[in-house]
Every structure is written in structure tokens, then in C-alpha cells.
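Step one of this worksheet: look at the structure below.
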Amino acid sequence: MKLVIASNNAKKRAEIAAILTHPGLEPVPAAETRFVDVVEDGLTFAENARKKAEAFAMANGMPALADDSGLCVEALNGAPGVYSSRYAGEHASDEDNYRKLLAEMRSISDRRASFVCALHLAFPDGCPPLTACGRVDGEILAQPCGHQGFGYDPVFFCPELDKPFALATPEEKASVSHRGRALRQLLNILQAYV
Ligand code: IMP
């Protein structure tokens, strides 16, 4: 089954494509994908994932898989949450965002945080969608560390790997990440389809 990865974030698309290695699934290369700018104004990850998947499925005329994800920090009541990509402003870089988070948390000792991922696979022909979600718990570091990955990876310490995500290989990160967990759940459901 051909499908488009409904994301304008190249690093996120690469992570998804690396995990979606099922012989029955053929992610459409970015160069052949019609990209859509979707206003992510949902109040939940699931709502935003649905919006992106439906828009890409319609624009490309084929199934579309969207991931909406973010970082939820306990001491900040779940922020930045659905605003993770624009925490420091509409056009903020990853570094702007994690520097703002480090500044907000300078005097906070409770460093618990989780990455959350909602997946939505939409079909252009009205077939019911498939959904999945995943989560990984960790802690916010005091200083950034490492250069792998993207987003908040340099400030997220993952106890399951005993290292920051930005020091993990892509395979190590995928083995425990919110995205890896959600995608493996979706692949299990998809076995029946492909
Ligand atoms: P989205 O593209 O609207 O889902 O935004 C997701 C944002 O959440 C990204 O821009 C990152 O800031 C953050 N995020 C999501 N997943 C990850 C991850 O695996 N590592 C680091 N940051 C992430």
C-alpha cells in the first residue's frame, strides 16, 4: 500500500520512514508528495494528527499518515504540549524552543516530562481511519547535550536508554520513543490491511 507521510518536518518524516519498514507499505518519497500547510489549531495531539492526515490524503489522493507529537512537562502543567513546535514563537527554531524551556525550568527541581505521539492514518475514499499513540517518560536536563535527532532531543534525558535522546542512535531512539511505540502499534493494526 502506497502512503504519504503527512508532515512538513523532514527529520520527523525520516524517523517515521525508518520505522515503517513493512514489506506491504511503500512511503511515497518527499519529492513526489504534495505538501499542505495545515493550521494546527486542535487542542489535542489526536485532533491535529487527524487534520494533517485528512488534508494530505485529500491533496494526494492516497492514504496519509500524520504524527502530531510534543513534549509535556509535569511542572508546567503539560506545556509546551501541542504548542511544542512554536513554544518560543511562530517561527522559532528547535534551539529557540528548548532554550526557552530551559529558562522556564531554571529554578524548578521537578524535571519529569514525557514525549507523546498521536498517529492518524486517513484514507481518501472514506474508509475508517486507523489511530495509535505512544509515550516515553524522561527528565529535562539542565543543559543541552548531543546533536542527534531534532526538537527537544538535546534536553530530554531518557532513563530507558540512560542517555539524552540527542546522544542516542536513530535505532536506539526508535526502540523506546513515543513515535516508535505508536508506529509499532499502528503496524500491528495494519497487518490486517496489507
Ligand atoms: P508537530 O510537527 O506539530 O507534531 O510538532 C512536533 C514538535 O514537538 C516538534 O517540532 C518538536 O519540537 C517536538 N517533538 C516531537 N517529537 C519529538 C522528538 O522525537 N524529539 C524532540 N522533539 C520532538
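Sparsely packed loop sites in segment 1-86 (the chymotrypsin sites (Phe, Trp or Tyr not before Pro) outside DSSP H, G, I, E and B with at most 14 other Cβ atoms within 10 Å) comprise Phe35. A Gaussian network model of the chain, with springs between Cα atoms under 10 Å, assigns the largest mean-square fluctuation among Glu172, Glu90, Glu15 to Glu90. With the biggest extent put first, the Cα atoms of segment 1-98 measure 42, 24, 21 Å across the principal axes. A cut-off under 15 angstrom between Cβ atoms defines the neighbours of Cys127, and their net charge, with Lys, Arg +1 and Asp, Glu -1, is 0.
Extending 7 Å from Cα along the Cβ direction at His91 and again at Cys127 yields two label points whose distance is 4.0 nm.
Inter-part distance, segment 118-170 to segment 62-76, computed on C-alpha centroids, equals 9 Å.
Identify which of Pro23, Pro63, Pro154 has the largest mean-square fluctuation in a Gaussian network model of the chain, with springs joining Cα atoms closer than 10 Å. Highest fluctuation among the options: Pro23. Its Cα gyration tensor gives the chain an equivalent ellipsoid. The semi-axes, each the square root of 5 times an eigenvalue, are 29, 18, 14 Å from largest down.
Just want to confirm a number: the relative contact order over segment 1-113, from Cα pairs under 8 angstrom separated by 6+ residues, in percent. The normalised contact order for segment 1-113 reaches 23 percent. Relative contact order of segment 2-190: 20 percent, from C-alpha pairs under 8 Å at least 6 residues apart in sequence. What net charge is computed for the residues neighbouring Ala118, neighbours being all others with C-beta under 9 Å from the C-beta of Ala118, Lys and Arg scored +1, Asp and Glu -1? Once all neighbours under 9 Å are counted, the net charge is -2. At full extension, Val39 and Met1 could sit 10.9 nm farther apart than now, given 0.36 nm per residue minus the alpha carbon distance.
Read the figures in this text as sums done on the coordinates, not as results from a lab. Please read these numbers as outputs of a predicted model, since none were measured by experiment. We place every Cβ from the backbone using ideal geometry, glycine too, and count neighbours over all the protein chains shown.
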